[in-house]
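**Student:** The following block contains the structure, expressed as structure tokens.
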Amino acid sequence: MNIIVCIKQVPAKDAPLAIAGNWIKESDIGFEMNEPDSFALEEALRLKEKHGGEVIALSMGPERVKQTIKEALAKGADRAIHIADDNFAQLDPLGSARALAAAIQKEKVDLVLTGLQSDDHGFGQTGVLLAGLLNLPHATIIMQIEVADGKMRLKRELEAGWFQHIECPLPAVLSIQSGINKVRYATLKGIMAAKKKEIATITRESLGVTGEATQKIEKIYVPTKTKRTEYLTGTPKEVAAKLVEKLKFEARVI
Amino acid sequence: MKILVITELRQGKWNNTSFETLVAAQQIAVTTSSTVSALVIGKGVAALAEELAAKNVAEVLLVEHDLLEAYTPDGYCVALKQVIESSKPELVLFPHTYQVRDFAPKLAAMLGKGMIGDCIGYRNEGGKLVFVRQMFQGKTAADVTFAGVAPWFASFQSGAFRSDLLAAHPSGKAAVNKVAVTLNAAQIRTKPLELFKEAKSAVDLTQAPLIVAIGRGIKAPENIPLAQALAKAIGGEIAASRPICDEGWLPMERQIGSSGQTVAPKLYLALGISGAIQHVVGMKGARTIVAINKDANAPIFEIADYGVVGDIFEIMPALTEELQKTKS
Ligand SMILES: Cc1cc2nc3c(=O)[nH]c(=O)nc-3n(C[C@H](O)[C@H](O)[C@H](O)COP(=O)(O)OP(=O)(O)OC[C@H]3O[C@@H](n4cnc5c(N)ncnc54)[C@H](O)[C@@H]3O)c2cc1C
Ligand SMILES: Nc1ncnc2c1ncn2[C@@H]1O[C@H](COP(=O)(O)O)[C@@H](O)[C@H]1O
């Protein structure tokens with residue numbers, strides 16, 4: 001089973017964000033693998049261990065994303081494709097998916113996995129768009145994959161604690177939800193082996209994707225507060241005393 | 001402009017966020033002198049279409065087919081593409097549900113269009129609609145506009161509009177117009193099977209008046225007893241954000257948010273929770289919200305009544321002690 005995993009590199013969870021126009025200042029902050037994508041990668045590796053085949057990591061972004069690609073290779077991906085694009089943050093969801101789809105189309109794959117949402121743009125669209133562009137069946141918010149007889153039985157998460165089983169033929173595109181598995185750490189052996197693995201770099205322009213942007217992020221900003229928050233300050237002991245007093249006599253909830 | 005709202009049913013009943021989106025459409029229609037059409041899709045849903053017709057809409061589109069009885073992304077995309085091509089709306093609005101996430105981006109793409117998903121509001125800037133959505137897990141908001149020509153597609157986050165503001169039809173009832181679609185079984189590639197819930201335990205957080213909720217700030221399962229001691233001192237239930245339940249540190253029925261429980265307690269104490277929208281939709285109805293977080297810019301403070309910028313490992317024990325003191 002040949003699997004492509006789409007992996008986006010995003011600002012680290014605790015990175016202090018400095019806004020610059022419609023994006024952030026990228027210097028001075030750390031980046032990491034988008035969380036659901038690490039679950040998607042793990043799922044791909046497990047499927048490969050069970051059913052054989054190859055796992056290809058695919059990531060679009062500037063030079064910095066190579067670091068995340070190397071992490072994927074160290075964890076066990078066989079090879080990687082880097083779509084180099086310094087301006088990828090300006091792409092709309094469709095434009096971004098078109099580029100990823102063009103790279104996927106050059107490969108023979110049985111399954112494309114994405115995370116269900118990126119922590120930076122947070123479009124939550126890429127997997128579904130890839131399915132549309134590649135004309136493949138798809139399912140999203142996946143919490144379990146079982147492959148048998150050339151098709152998959154999936155567990156899809158719904159709202160409010162509900163789930164649904166779905167049958168899906170192969171090839172297909174799945175968007176993976178965080179928590180589907182326990183992700184592995186890269187071993188030293190894996191890190192060494194990754195050094196010999198191939199990273200094919202292609203520019204986004206060379207993929208020849210066309211089509212106009214359908215939307216534009218005009219600007220980003222710190223959200224305006226809708227509620228008046230009363231901040232309590234002091235030593236932990238003082239804060240605790242103030243808070244208990246507020247909850248008792250002002251909010252009257254305890 | 002013609003605005004089309006795609007409503008959603010859940011096992012034959014209204015998904016309330018459909019009405020929120022209808023309210024958004026009614027408000028946009030007022031500022032842009034537009035008309036609102038509402039669409040019902042499924043099988044045997046004519047009665048629901050009649051119900052919708054009593055709202056302030058220009059018309060209700062009724063899309064029925066045997067193959068639309070159960071939701072499938074393929075079935076919905078094939079059917080709705082035909083409806084959009086024939087009824088020619090400029091703006092197509094959806095509630096941002098898990099089902100909409102599953103098909104709407106593709107539906108838009110089949111028409112060569114894009115969707116602005118998960119919006120929390122909009123503004124009309126001199127005739128140009130600006131949609132507001134979150135980026136960076138709620139740490140920033142973004143103003144997004146459509147490029148190119150209609151139709152445009154957008155979805156609104158649950159809770160972004162108040163469904164109780166839904167306006168009734170001024171003079172009785174709008175027309176219900178059936179739209180025929182052609183759809184065959186071979187076009188539907190996935191097969192939806194049964195819906196189920198995982199085994200449920202005794203705890204019903206929706207009934208708990210006081211909730212102490214922990215997030216990834218708790219760092220390790222060894223630290224959870226600190227929060228449990230606090231919950232005990234206050235006489236509340238312990239709950240958590242998704243990552244805590246994903247790790248198995250607390251059972252899933254204690255997860256608050258769009259995938260978990262929606263609660264509205266008297267007090268919600270959020271410890272080391274950043275305030276991502278999928279968490280917030282599950283608890284923003286709480287009467288009093290207290291957030292304790294070491295990051296002063298954490299989005300959870302936007303909805304907090306009381307905030308403490310600090311380390312939960314210092315404040316949790318102090319708070320537990322203070323509560324025990326005042327009780328005795
Ligand atoms: C379709 C979908 C469904 C989802 N469903 C849900 C859902 O139902 N429920 C849910 O919760 N999430 C859900 N999520 C995930 C959600 O987007 C967030 O990723 C998640 O809520 C983040 O959890 P968190 O706040 O605990 O972690 P983080 O975002 O990592 O935040 C941790 C916070 O702890 C603070 N912190 C760290 N250390 C300390 C300390 N010592 N003292 C004080 N503060 C500290 C940090 O400043 C940070 O703000 C869903 C996502 C998607 C895409
Ligand atoms: N630039 C990118 N490179 C690789 N994968 C991506 C990229 N952008 C989005 N994805 C994939 O699409 C998923 C959803 O992203 P989004 O639609 O932005 O929320 C991510 O979790 C990734 O798996």
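The values are calculated or read from the model by the stated rules, or taken from the named source; none is laboratory data. Predicted, not measured: the structure shown is a model, and the values here were computed from it. No Cβ is skipped: glycine too gets one built from the backbone with ideal geometry, and neighbour counts run over all protein chains shown. Protein only, heavy atoms only, side chains kept; ligands, DNA and RNA dropped before computing areas. Shrake-Rupley method; radii C 1.70, N 1.55, O 1.52, S 1.80 Å.
**Student:** Out of all the residues in the range A:85-101, is one or more acidic (Asp, Glu) and open to solvent by less than 20 Å² (accessible area, probe 1.4 Å)?
**Tutor:** To start, the set of residues in the range A:85-101 that are acidic (Asp, Glu) comprises A:85-86, A:92.
Now restrict to residues that are open to solvent by less than 20 Å² (accessible area, probe 1.4 Å): A:85, A:92.
Yes, the range A:85-101 contains at least one residue that is acidic (Asp, Glu) and open to solvent by less than 20 Å² (accessible area, probe 1.4 Å).
**Student:** Quick test for you: out of B:HIS96, B:HIS65, pick the one residue that is modelled with pLDDT of 95 or more and either closer than 23 Å to A:LEU134 by Cα or open to solvent by less than 40 Å² (accessible area, probe 1.4 Å) (or both). Explain how you work it out, then say what you get.
**Tutor:** Details: B:HIS65 fails: either closer than 23 Å to A:LEU134 by Cα or open to solvent by less than 40 Å² (accessible area, probe 1.4 Å) (or both).
Matching residue, one of B:HIS96, B:HIS65: B:HIS96.
**Student:** Between residues in the range A:232-254 that are on the phi > 0 side of the Ramachandran plot and more than 7 Å from every other protein chain (Cβ to nearest Cβ) and residues that are charged (D, E, K, R) and surrounded by fewer than 19 Cβ atoms within 10 Å (Cβ to Cβ), which pairs lie under 8 Å by C-beta distance while being six or more apart or on different chains?
**Tutor:** Taking only residues 6 or more apart or on different chains, the pairs are A:GLY234/A:LYS242.
**Student:** Might you let me know whether the range A:210-225 holds any residue that is open to solvent by 70 Å² or more (accessible area, probe 1.4 Å), at negative phi and away from chain B (no Cβ under 14 Å)? So that I can check it myself, show each step before the final result.
**Tutor:** From the range A:210-225, those open to solvent by 70 Å² or more (accessible area, probe 1.4 Å) are A:210, A:212, A:216, A:218-219, A:222, A:224-225; that's our starting set.
So of that shortlist, the ones also at negative phi come out as A:210, A:212, A:216, A:218-219, A:222, A:224-225.
Next, only the ones that are away from chain B (no Cβ under 14 Å) stay: none.
No.
**Student:** Kindly evaluate B:LYS294 against the criterion of being more than 31 Å from the chain's Cα centre (by Cα) and either within 16 Å of ligand 2 (Cβ to nearest atom) or more than 14 Å from A:PRO223 (Cβ to Cβ) (or both). If you could, list the steps in order and put the result at the bottom.
**Tutor:** Values: more than 31 Å from the chain's Cα centre (by Cα): no; either within 16 Å of ligand 2 (Cβ to nearest atom) or more than 14 Å from A:PRO223 (Cβ to Cβ) (or both): yes.
When the stated conditions are applied, B:LYS294 does not pass them.
**Student:** Determine which member of the set B:ALA318, B:ALA296 is crowded, with 17+ Cβ neighbours inside 10 Å and more than 15 Å from A:ALA251 (Cβ to Cβ). It would help to see each step written out before you state the result.
**Tutor:** Values: B:ALA296 fails: crowded, with 17+ Cβ neighbours inside 10 Å.
Residue meeting the stated conditions: B:ALA318.
**Student:** Among the strands (runs of 3 or more DSSP E) contained in the range B:110-199, which hold 1 or more residues that are at the interface with chain A (Cβ under 7 Å from one of its Cβ atoms)?
**Tutor:** Working: elements: B:115-125, B:128-135, B:140-146, B:152-156, B:175-178, B:191-197.
In the range B:110-199, B:115-125, B:128-135, B:140-146, B:191-197 are the strands (runs of 3 or more DSSP E) which contain 1 or more residues that are at the interface with chain A (Cβ under 7 Å from one of its Cβ atoms).
**Student:** Please tell me if B:PRO170 is more than 23 Å from the chain's Cα centre (by Cα) and modelled with pLDDT of 95 or more. Walk me through it before giving the result.
**Tutor:** Values: more than 23 Å from the chain's Cα centre (by Cα): yes; modelled with pLDDT of 95 or more: no.
No; evaluated as a whole, the condition is false for this residue.
Condition check ((1) of a type outside the set (A, V, I, L, M); (2) at pLDDT 95 or above) across all residues:
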{"position": "B:GLN207", "(1), (2)": "yes, no"}
{"position": "B:ALA227", "(1), (2)": "no, yes"}
{"position": "B:GLU237", "(1), (2)": "yes, yes"}
{"position": "B:ARG242", "(1), (2)": "yes, yes"}
{"position": "B:GLY275", "(1), (2)": "yes, yes"}
{"position": "B:GLY282", "(1), (2)": "yes, yes"}
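**Student:** Also, I was wondering about something else. Of (1) among the aliphatic types (A, V, I, L, M); (2) assigned to a strand (DSSP E or B); (3) more than 8 Å from chain A (Cβ to nearest Cβ), B:VAL290 satisfies all except one. Which?
**Tutor:** (3)
**Student:** Then there is this: Scan the range A:22-60 for residues that are within 14 Å of another protein chain (Cβ to nearest Cβ), in a strand (DSSP E or B) and away from ligand 1 (no atom under 16 Å from the Cβ) and jot them down.
**Tutor:** A:TRP23, A:ILE24
**Student:** Could you check the range A:188-209 and list, in sequence order, the residues that are touching a residue at least 40 places away in the same chain (Cβ under 8 Å) and assigned to a loop (DSSP other than H, G, I, E, B)?
**Tutor:** Result: A:LYS197, A:GLU198, A:ARG204, A:GLY208, A:VAL209.
**Student:** Could we say that A:LYS189 is more than 8 Å from chain B (Cβ to nearest Cβ) and more than 23 Å from the chain's Cα centre (by Cα) here?
**Tutor:** Numbers: more than 8 Å from chain B (Cβ to nearest Cβ): yes; more than 23 Å from the chain's Cα centre (by Cα): yes.
Spelling it out, A:LYS189 is indeed more than 8 Å from chain B (Cβ to nearest Cβ) and more than 23 Å from the chain's Cα centre (by Cα).
**Student:** While we're on this one: Hand me the list of helices (runs of 4 or more DSSP H) wholly inside the range A:61-159 holding 3 or more residues that are within 19 Å of B:PHE136 (Cβ to Cβ) and within 14 Å of chain B (Cβ to nearest Cβ).
**Tutor:** Values: elements: A:65-75, A:93-105, A:126-134.
Where helices (runs of 4 or more DSSP H) fall fully within the range A:61-159, none carries at least 3 residues being within 19 Å of B:PHE136 (Cβ to Cβ) and within 14 Å of chain B (Cβ to nearest Cβ).
**Student:** A:ASP110: open to solvent by 10 Å² or more (accessible area, probe 1.4 Å), touching a residue at least 40 places away in the same chain (Cβ under 8 Å) and within 15 Å of ligand 1 (Cβ to nearest atom), yes or no? Steps first, answer last, please.
**Tutor:** Values: open to solvent by 10 Å² or more (accessible area, probe 1.4 Å): yes; touching a residue at least 40 places away in the same chain (Cβ under 8 Å): yes; within 15 Å of ligand 1 (Cβ to nearest atom): no.
When the stated conditions are applied, A:ASP110 does not pass them.
**Student:** So in the range A:1-14, with the set limited to residues that are within 14 Å of another protein chain (Cβ to nearest Cβ) and open to solvent by 10 Å² or more (accessible area, probe 1.4 Å), which one is nearest to A:LEU111 (Cα to Cα)?
**Tutor:** Top of the filtered list is A:LYS8.
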